[in-house]
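Working notes, structure below.
The values are calculated or read from the model by the stated rules, or taken from the named source; none is laboratory data. Keep in mind that what you see is a predicted model, and the values were worked out from it rather than measured. In this analysis, Cβ positions are derived from the backbone assuming ideal geometry, glycine residues included, and neighbour counts consider all displayed protein chains.
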Amino acid sequence: MRRIVLLIIAIALAVVVYEAARRKPQTSGGRPGAVDSVAAGFALQDLTGQPLDLANYRGKVVLLDFWATWCTPCRAEISQFVDYQNQYGPQGLQVIGISMDDDPKPVREFYQQFKMNYPVAMGTAKLAESYGGILGLPVTFLIDRNGRIAAKYVGEADMQALQKKLQALLREK
(Lines give C-alpha, C1' and ligand atoms only; values in the text may rest on other atoms or scores of the structure.)
Protein backbone atom coordinates (compact mmCIF):
# COMPACT_ATOMS: atom_id res chain seq x y z
CA MET A 1 0.00 0.00 0.00
CA ARG A 2 2.83 2.39 0.88
CA ARG A 3 4.46 1.80 -2.53
CA ILE A 4 1.23 2.70 -4.30
CA VAL A 5 0.94 5.95 -2.37
CA LEU A 6 4.56 6.84 -3.16
CA LEU A 7 4.00 6.02 -6.83
CA ILE A 8 0.90 8.24 -6.95
CA ILE A 9 2.82 11.09 -5.30
CA ALA A 10 5.71 10.71 -7.76
CA ILE A 11 3.34 10.75 -10.74
CA ALA A 12 1.49 13.79 -9.40
CA LEU A 13 4.78 15.62 -8.86
CA ALA A 14 5.94 14.78 -12.39
CA VAL A 15 2.67 16.12 -13.83
CA VAL A 16 2.97 19.36 -11.84
CA VAL A 17 6.58 19.91 -13.00
CA TYR A 18 5.65 19.12 -16.62
CA GLU A 19 2.68 21.50 -16.61
CA ALA A 20 4.71 24.31 -15.03
CA ALA A 21 7.50 23.90 -17.58
CA ARG A 22 5.24 23.86 -20.62
CA ARG A 23 3.32 27.03 -19.72
CA LYS A 24 6.21 29.35 -20.52
CA PRO A 25 9.66 29.27 -22.08
CA GLN A 26 12.48 28.49 -19.67
CA THR A 27 14.70 31.48 -19.00
CA SER A 28 17.99 30.65 -17.30
CA GLY A 29 21.38 30.40 -18.96
CA GLY A 30 24.52 28.35 -18.48
CA ARG A 31 23.46 24.69 -18.71
CA PRO A 32 23.38 22.86 -22.04
CA GLY A 33 20.08 23.58 -23.75
CA ALA A 34 19.28 26.49 -21.43
CA VAL A 35 17.99 29.83 -22.66
CA ASP A 36 20.86 32.28 -23.31
CA SER A 37 23.36 29.45 -23.81
CA VAL A 38 25.05 28.65 -27.11
CA ALA A 39 23.10 26.04 -29.06
CA ALA A 40 25.00 22.76 -29.28
CA GLY A 41 26.32 22.09 -32.73
CA PHE A 42 25.51 18.90 -34.58
CA ALA A 43 26.12 17.31 -37.95
CA LEU A 44 23.68 14.59 -39.00
CA GLN A 45 22.14 13.26 -42.18
CA ASP A 46 18.57 14.21 -42.95
CA LEU A 47 15.99 11.66 -44.07
CA THR A 48 17.13 12.00 -47.70
CA GLY A 49 20.78 11.36 -46.83
CA GLN A 50 21.80 15.01 -47.19
CA PRO A 51 24.11 16.57 -44.58
CA LEU A 52 22.35 18.56 -41.88
CA ASP A 53 24.78 20.74 -39.94
CA LEU A 54 23.46 23.39 -37.56
CA ALA A 55 26.53 25.55 -38.30
CA ASN A 56 25.27 26.00 -41.87
CA TYR A 57 22.30 27.98 -40.54
CA ARG A 58 24.30 30.63 -38.68
CA GLY A 59 22.74 33.99 -39.57
CA LYS A 60 19.25 32.48 -39.67
CA VAL A 61 16.72 32.05 -36.90
CA VAL A 62 16.34 28.31 -36.29
CA LEU A 63 13.28 26.61 -34.86
CA LEU A 64 14.69 23.28 -33.63
CA ASP A 65 11.96 20.77 -32.85
CA PHE A 66 12.56 17.48 -31.01
CA TRP A 67 9.53 15.29 -31.76
CA ALA A 68 8.31 11.77 -32.58
CA THR A 69 5.64 10.32 -34.86
CA TRP A 70 3.82 8.65 -31.94
CA CYS A 71 3.64 11.90 -29.91
CA THR A 72 0.17 13.49 -30.19
CA PRO A 73 1.23 17.05 -29.21
CA CYS A 74 4.16 16.78 -31.64
CA ARG A 75 1.81 15.89 -34.46
CA ALA A 76 -0.36 18.89 -33.62
CA GLU A 77 2.63 21.25 -33.92
CA ILE A 78 4.04 19.94 -37.20
CA SER A 79 1.46 21.59 -39.49
CA GLN A 80 2.11 24.94 -37.79
CA PHE A 81 5.87 24.53 -38.29
CA VAL A 82 5.28 23.77 -41.98
CA ASP A 83 3.29 27.03 -42.18
CA TYR A 84 6.06 28.93 -40.33
CA GLN A 85 8.66 27.64 -42.80
CA ASN A 86 6.49 28.82 -45.71
CA GLN A 87 5.65 32.18 -44.15
CA TYR A 88 8.93 33.13 -42.47
CA GLY A 89 11.53 31.20 -44.49
CA PRO A 90 12.09 34.16 -46.84
CA GLN A 91 12.73 36.35 -43.77
CA GLY A 92 15.46 34.05 -42.46
CA LEU A 93 13.72 31.23 -40.58
CA GLN A 94 14.86 27.63 -40.85
CA VAL A 95 12.80 24.94 -39.15
CA ILE A 96 14.71 21.73 -38.36
CA GLY A 97 13.06 18.60 -37.03
CA ILE A 98 14.87 16.04 -34.90
CA SER A 99 12.86 12.84 -34.69
CA MET A 100 13.38 10.80 -31.56
CA ASP A 101 11.71 7.74 -33.10
CA ASP A 102 13.70 4.49 -33.00
CA ASP A 103 13.21 3.68 -36.68
CA PRO A 104 13.39 6.06 -39.67
CA LYS A 105 10.73 4.19 -41.70
CA PRO A 106 7.66 5.67 -39.94
CA VAL A 107 9.39 9.07 -39.89
CA ARG A 108 9.81 9.03 -43.69
CA GLU A 109 6.15 8.05 -44.10
CA PHE A 110 5.07 10.79 -41.69
CA TYR A 111 7.29 13.32 -43.47
CA GLN A 112 5.57 12.62 -46.79
CA GLN A 113 2.07 12.43 -45.33
CA PHE A 114 2.38 15.79 -43.56
CA LYS A 115 4.22 17.39 -46.50
CA MET A 116 7.01 18.58 -44.24
CA ASN A 117 9.01 21.29 -46.01
CA TYR A 118 12.05 21.40 -43.77
CA PRO A 119 14.90 19.03 -43.00
CA VAL A 120 14.33 16.21 -40.52
CA ALA A 121 17.04 14.00 -39.06
CA MET A 122 17.00 11.11 -36.64
CA GLY A 123 18.06 12.18 -33.16
CA THR A 124 20.48 10.43 -30.86
CA ALA A 125 20.81 10.20 -27.10
CA LYS A 126 24.05 12.22 -27.37
CA LEU A 127 22.30 15.04 -29.25
CA ALA A 128 19.40 15.04 -26.79
CA GLU A 129 21.88 15.26 -23.91
CA SER A 130 23.68 18.19 -25.55
CA TYR A 131 20.37 20.07 -25.36
CA GLY A 132 19.96 19.45 -21.65
CA GLY A 133 18.36 16.04 -21.95
CA ILE A 134 15.11 15.60 -23.82
CA LEU A 135 12.99 13.80 -21.24
CA GLY A 136 9.59 14.31 -22.86
CA LEU A 137 8.32 15.40 -26.24
CA PRO A 138 7.92 17.78 -27.89
CA VAL A 139 10.72 20.17 -26.96
CA THR A 140 11.19 23.19 -29.20
CA PHE A 141 14.08 25.63 -29.21
CA LEU A 142 14.26 29.02 -30.91
CA ILE A 143 17.87 29.80 -31.78
CA ASP A 144 18.81 33.35 -32.72
CA ARG A 145 20.91 34.41 -35.69
CA ASN A 146 24.05 34.27 -33.52
CA GLY A 147 23.52 30.65 -32.48
CA ARG A 148 22.20 31.30 -28.97
CA ILE A 149 19.08 29.69 -27.56
CA ALA A 150 16.48 32.44 -27.27
CA ALA A 151 13.55 30.32 -26.03
CA LYS A 152 12.80 26.76 -25.00
CA TYR A 153 9.31 25.28 -24.98
CA VAL A 154 8.75 21.98 -23.15
CA GLY A 155 5.59 20.16 -24.13
CA GLU A 156 3.12 21.48 -26.66
CA ALA A 157 4.11 25.10 -27.19
CA ASP A 158 1.77 28.05 -26.88
CA MET A 159 1.84 28.86 -30.59
CA GLN A 160 0.86 32.49 -30.07
CA ALA A 161 3.77 33.07 -27.70
CA LEU A 162 6.17 31.10 -29.89
CA GLN A 163 5.14 33.04 -33.01
CA LYS A 164 5.53 36.36 -31.21
CA LYS A 165 9.06 35.43 -30.07
CA LEU A 166 9.87 34.11 -33.55
CA GLN A 167 8.77 37.37 -35.19
CA ALA A 168 10.88 39.39 -32.72
CA LEU A 169 13.96 37.27 -33.51
CA LEU A 170 13.41 37.66 -37.24
CA ARG A 171 13.29 41.47 -36.84
CA GLU A 172 16.75 41.43 -35.21
CA LYS A 173 19.54 41.65 -37.75
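Among the candidates Ala128, Ala168, Ala121, which residue alone is over 16 Å from Ile78 (Cβ atoms), modelled with pLDDT of 95 or more and surrounded by 15 or more Cβ atoms within 10 Å (Cβ to Cβ)? That would be Ala128, the only listed residue that is over 16 Å from Ile78 (Cβ atoms), modelled with pLDDT of 95 or more and surrounded by 15 or more Cβ atoms within 10 Å (Cβ to Cβ).
Yes or no, residue by residue, for (1) under 12 Å from the mean Cα position of the chain (by Cα); (2) assigned to a loop (DSSP other than H, G, I, E, B); (3) over 15 Å from Arg148 (Cα atoms):
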{"residue": "Pro32", "(1), (2), (3)": "no, yes, no"}
{"residue": "Asp36", "(1), (2), (3)": "no, yes, no"}
{"residue": "Gly41", "(1), (2), (3)": "no, yes, no"}
{"residue": "Asn56", "(1), (2), (3)": "no, no, no"}
{"residue": "Gly59", "(1), (2), (3)": "no, yes, no"}
{"residue": "Val62", "(1), (2), (3)": "yes, no, no"}
{"residue": "Trp70", "(1), (2), (3)": "no, yes, yes"}
{"residue": "Cys74", "(1), (2), (3)": "yes, no, yes"}
{"residue": "Ile78", "(1), (2), (3)": "yes, no, yes"}
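Within region 79-97, the presence of at least one residue that is aliphatic (A, V, I, L, M) and surrounded by fewer than 21 Cβ atoms within 10 Å (Cβ to Cβ) is confirmed. Candidates Ala128, Ala157: the one that is closer than 20 Å to Val38 by Cβ and under 15 Å from the mean Cα position of the chain (by Cα) is Ala128.
Is one or more of the residues making up region 136-159 buried (at least 20 other Cβ atoms within 10 Å of the Cβ) and either basic (Lys, Arg) or on the phi > 0 side of the Ramachandran plot (or both)? Yes, region 136-159 contains at least one residue that is buried (at least 20 other Cβ atoms within 10 Å of the Cβ) and either basic (Lys, Arg) or on the phi > 0 side of the Ramachandran plot (or both).
Can Val38 be described as buried (at least 18 other Cβ atoms within 10 Å of the Cβ) and either of a type in the set (S, T, N, Q) or touching a Lys or Arg at 6+ places or on another chain (Cβ under 8 Å) (or both)? Considered against the rule, which asks whether it is buried (at least 18 other Cβ atoms within 10 Å of the Cβ) and either of a type in the set (S, T, N, Q) or touching a Lys or Arg at 6+ places or on another chain (Cβ under 8 Å) (or both), Val38 comes out as no.
For region 98-112, the set of residues classified as of a type outside the set (Ser, Thr, Tyr) and either buried (at least 20 other Cβ atoms within 10 Å of the Cβ) or within 22 Å of Met159 (Cα to Cα) (or both) consists of Ile98, Met100, Val107, Phe110, listed by residue number. Against the test of being out of contact with any Gly (no Cβ under 8 Å at 6 or more places or on another chain) and at pLDDT below 95, the options Leu52, Leu135, Leu93, Leu142 yield a single qualifying residue, Leu135. Determine if region 120-142 includes at least one residue that is of a type in the set (Lys, Arg) and not in a helix (DSSP H, G or I). No; the residues of region 120-142 include none that is of a type in the set (Lys, Arg) and not in a helix (DSSP H, G or I).
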